[in-house]
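Notes follow once the structure below has been shown.
The values are calculated or read from the model by the stated rules, or taken from the named source; none is laboratory data. Worth saying up front: this structure is predicted, and the values here are computed from it rather than measured. Here the Cβ positions follow ideal geometry from the backbone for every residue, glycine too, while neighbour counts run over all protein chains shown. What goes into the accessible areas is simple: the full protein's heavy atoms, side chains included, and nothing from ligands, DNA or RNA. Shrake-Rupley method; radii C 1.70, N 1.55, O 1.52, S 1.80 Å.
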Amino acid sequence: MGAEVFDRIQSRLAKGEEEGQSPPGQARAPAGVSHGILVLDLAPGAVAGAARVLKEEFGFDVFLDVTAVDWPGREPRFEVVWHFYSTAHKVRVRLKARVAEASPAAPSLTPLYGSAAFMERECHDMYGIVFEGNADLRPILLYEGFVGHPLRKDYPKEREQPLVPYREGFEERG
Amino acid sequence: MDKRVIPIEPAGATAKSAAFEYISTRKDELVGWARKFSIFPYPFVTACCAMEFMAVSSTPYDTDRFGAALPRFSPRQSDLLMVVGTVTHKQAPILLKVYEQMCEPKWVMAFGVCATSGGFYQNYAAVPGIDRIVPVDIYIPGCPPRPETVIDGIMKLQEKIAREKHPILTKDF
């Protein structure tokens, strides 16, 4: 059942590209099926359109997660990853988009899924991805005043940014 | 030929001060004995060590034998701050505020390796040992500590309380 839905999704997104619904030349070839999940590698500009198609035409009503992967040395450096689940078809779809370190911007999916707001805040905390359209990107797991993005590979693992000054005799690392 | 300094005191004063010292020492012993059996813990429970804390508080291990059974859920009524689990930098101001709200005399127990030293965490989030934030009286190792270890820790703390001086008037009062 999953394979049949995946074929339909892929042909629908390819058709959308032909008809100019998504910006031309931006959607890349789909990466195929991995661990039973359809993986689509898209340009950042094509993500919002693809998510709308998934939600409105294929019943992907659950927004599972948005996170990022840091590939140091690769250009563009970050890969933003979205997961969706369809309670109608009982399948998952993963969207990926690569963004550069210089302008790590990805579209916000808060207009489609309210639950994306907090997850985008977390992703912004940890990787510094800026979700355009999410007006509230305050720290959610980190605290105000935290410098840097701890899940980036170049963040030193021993660096401490204490909120309470340490007692006498203790030094902060990093 | 040693030069001993002999205090010049009126007759009877030495006996008086010796008697006072004797009474003062016995008073410390008495107060220490009373205090070591009336530890009111405040559980500052943040992580998985809580399971072991529940085990050690409940019937099979029964910390009530040490007078440390009744948790007070207001730091103002408690003597012993039990920090059970990992403390993050984001939580550190809360821990400090709870500690500052406790009345003297107060003691702090670091329960488990995370509270003791950060344990296996070395990252942006975890405080590597709560002694960076508040002074700690007793450290209990283990991930999580066995109930026997906790009971040993409580007994060592009791010994410490019994040995301490217990001034009736403190410098702040």
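Values as computed for the structure displayed
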| quantity | calculated |
| --- | --- |
| Checking B:LYS90 against (1) at pLDDT 90 or above; (2) open to solvent by 10 Å² or more (accessible area, probe 1.4 Å); (3) away from every other protein chain (no Cβ under 14 Å), the condition it does not meet | (3) |
| Extreme residue, farthest from A:ALA3 (Cα to Cα), among residues of region A:97-109 that are surrounded by fewer than 19 Cβ atoms within 10 Å (Cβ to Cβ) and touching a Phe, Trp or Tyr at 6+ places or on another chain (Cβ under 9 Å) | A:GLU101 |
| Residues satisfying the stated conditions in region A:42-91, i.e. in contact with a Pro (Cβ under 6 Å, 6 or more places away or on another chain) and part of a strand (DSSP E or B) | A:PHE78 |
| Selection from region B:97-138 of residues that are within 17 Å of B:ALA68 (Cβ to Cβ) and either hydroxyl-bearing (Ser, Thr, Tyr) or in contact with a Leu (Cβ under 8 Å, 6 or more places away or on another chain) (or both) | B:MET102, B:LYS106, B:TRP107, B:VAL108, B:MET109, B:ASP137, B:ILE138 |
| Residue check, A:GLU171 open to solvent by 80 Å² or more (accessible area, probe 1.4 Å) and either away from chain B (no Cβ under 14 Å) or outside any strand (DSSP E or B) (or both) | yes |
| Residues satisfying the stated conditions in region B:127-155, i.e. touching a residue at least 60 places away in the same chain (Cβ under 8 Å) and either touching a Cys at 6+ places or on another chain (Cβ under 7 Å) or within 14 Å of chain A (Cβ to nearest Cβ) (or both) | B:PRO144 |
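A quick yes/no check of all residues on (1) over 15 Å from the mean Cα position of the chain (by Cα); (2) among the basic types (Lys, Arg); (3) surrounded by fewer than 21 Cβ atoms within 10 Å (Cβ to Cβ); (4) within 14 Å of another protein chain (Cβ to nearest Cβ):
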site	(1), (2), (3), (4)
B:PHE40	no, no, yes, no
B:ALA50	yes, no, yes, no
B:TYR61	yes, no, yes, no
B:PHE66	no, no, yes, no
B:GLU100	no, no, yes, yes
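Yes or no, residue by residue, for (1) among the charged types (D, E, K, R); (2) within 13 Å of chain B (Cβ to nearest Cβ); (3) open to solvent by 80 Å² or more (accessible area, probe 1.4 Å); (4) part of a loop (DSSP other than H, G, I, E, B):
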{"residue": "A:PHE118", "(1), (2), (3), (4)": "no, no, yes, no"}
{"residue": "A:ARG121", "(1), (2), (3), (4)": "yes, no, no, no"}
{"residue": "A:ASP125", "(1), (2), (3), (4)": "yes, yes, no, no"}
{"residue": "A:ASP136", "(1), (2), (3), (4)": "yes, no, no, yes"}
{"residue": "A:GLY145", "(1), (2), (3), (4)": "no, yes, no, yes"}
{"residue": "A:GLY148", "(1), (2), (3), (4)": "no, yes, no, yes"}
{"residue": "A:TYR155", "(1), (2), (3), (4)": "no, yes, no, yes"}
{"residue": "A:GLU158", "(1), (2), (3), (4)": "yes, yes, no, yes"}
